[in-house]
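So the structure is just underneath, and the comments pick up after that.
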Amino acid sequence: MEHLYDMHCHLGSMPNADQVAKRAEQLGLVLLNVTVSPTDANGSARLNHHANVRTACGLHPWWIANGACGEEDVARAALMCAASRFVGEIGLDFSGGRMATAPQQQEAFDWIIQSCAEHPVTGRVISIHAVRAASEALDTLQRFDMPHNSTCIFHWFSGTSDELARARALGCYFSVNARMLATKRGREYARQIPLDKLLLETDAPKELGDQGDAQALAGELTQTLDVLDDIRIERKELLAGSIAQTSQELLG
Ligand SMILES: [Zn+2]
């Protein structure tokens, strides 16, 4: 069975997570379960008993922006991430009102990346959220030489084309989803990403706390693959095979 890999979803926030994970396994679906806070990561860790689930340790910038996570949570996240092979969702979001907390977000992101850099883990994978802050995220990653020590995946990349070029040059990976490919710019970016750095994701569920549906995840990943097939030069079998192989290597 050809496996499908969702490289960024919030399985732990689905009330029926176990049922989704089980059904996903039957469908040949492997999930990178990203989390938004140390509490979320602790609550989600039990999902790793499913053979097709890898849970990452994260601190989402929105949780800093809305005041839900403070310095103690950042310290906890930095400790947990330092010991984790899978890290995310972490990052920076300087869009709209969230810009007001840019210094706190930057401090948290730098702290987590620094503690990862100081505690290398073989095969570490980091899923990164960067909205209106790709340059700042790249500055931090570069300062700690992260793209060379681990796999840095920009989830749903939305920066400028210069920032995309810089991330590519640093060897970053990119996970793309259906909503990214719904925009012209997103499709253009997805066309330019090197095949060996291209991954799929759903970022499901739409709203954290929504019921999950493994069949819908598989459908969305397949649909994303179909759009990539339309916009890229590779034949679909090569595209699907390469994405699956890269994902398997990262999660294996
Ligand atoms: Zn997410």
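The values are calculated or read from the model by the stated rules, or taken from the named source; none is laboratory data. Just so it is clear, the model here is predicted, and its values are computed rather than measured. All Cβ positions, even for glycine, are placed from backbone atoms using ideal geometry, and neighbour counts span all protein chains on display. All accessible areas refer to the heavy atoms of the entire protein, side chains included, with ligands and DNA or RNA removed. Shrake-Rupley method; radii C 1.70, N 1.55, O 1.52, S 1.80 Å.
Listing for the model above:
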item	result
Where N is the number of residues in segment 95-187, Cα Rg divided by 2.2 N^0.38 Å	1.09
Cβ crowding within 10 Å averaged over residues, with 220-227, 28-35 ranked highest first	28-35, 220-227
Lysines with Cα under 19 Å of LYS197, excluding same-chain neighbours fewer than 8 positions away	LYS236
Surface/4 of the Cα convex hull for segment 161-216, nm²	4.8
Listed peptides 115-128, 80-93 by packing density, highest first (mean Cβ within 10 Å)	80-93, 115-128
Per residue value of the accessible surface for the chain (all protein chains in place, 1.4 Å probe), Å²	43
Helix-only mean residue ellipticity at 222 nm for the chain, each DSSP H run of n ≥ 4 adding -39500 (n - 2.57), per residue, nearest 500	-14000 deg cm²/dmol
Added length on full extension, which subtracts the Cα-Cα distance from 0.36 nm per residue, ALA100 to ASP229	42.4 nm
Förster-model FRET efficiency, 35 Å R0, ARG46 and GLN114, C-beta, rounded to 0.05	0.75
Sequence ranges 185-195, 16-26, 145-155, ranked by mean other-Cβ count within 10 angstrom, highest first	145-155, 16-26, 185-195
Within the accessible area of the chain (1.4 Å probe), percent carbon and sulfur	51
All-pairs Cα distance distribution in the chain, expressed in whole percent, bin size 5 Å	1, 7, 15, 19, 21, 18, 13, 6, 1, 0
DSSP H segments from the chain that extend 15 Å or more along their own axis, Cα-based, with Kyte-Doolittle mean of 1.0 or above	none
Radius ratio Rg over Rh of segment 102-252, counting only Cα atoms, Kirkwood formula for Rh	0.96
Straight-distance crosslink candidates among aspartates and glutamates, where the alpha carbon sits under 16 Å from LYS184 and sequence neighbours closer than 8 are dropped	ASP226, ASP229, ASP230
Segment 203-252 - Kirkwood radius from inverse mean 1/r over Cα pairs (Å)	12.4
Computed E for LYS236/LYS206 - FRET, C-beta separation, R0 30 angstrom, nearest 0.05	0.65
For segment 4-251: relative contact order, % (alpha-carbon pairs under 8 angstrom, 6 or more apart)	21
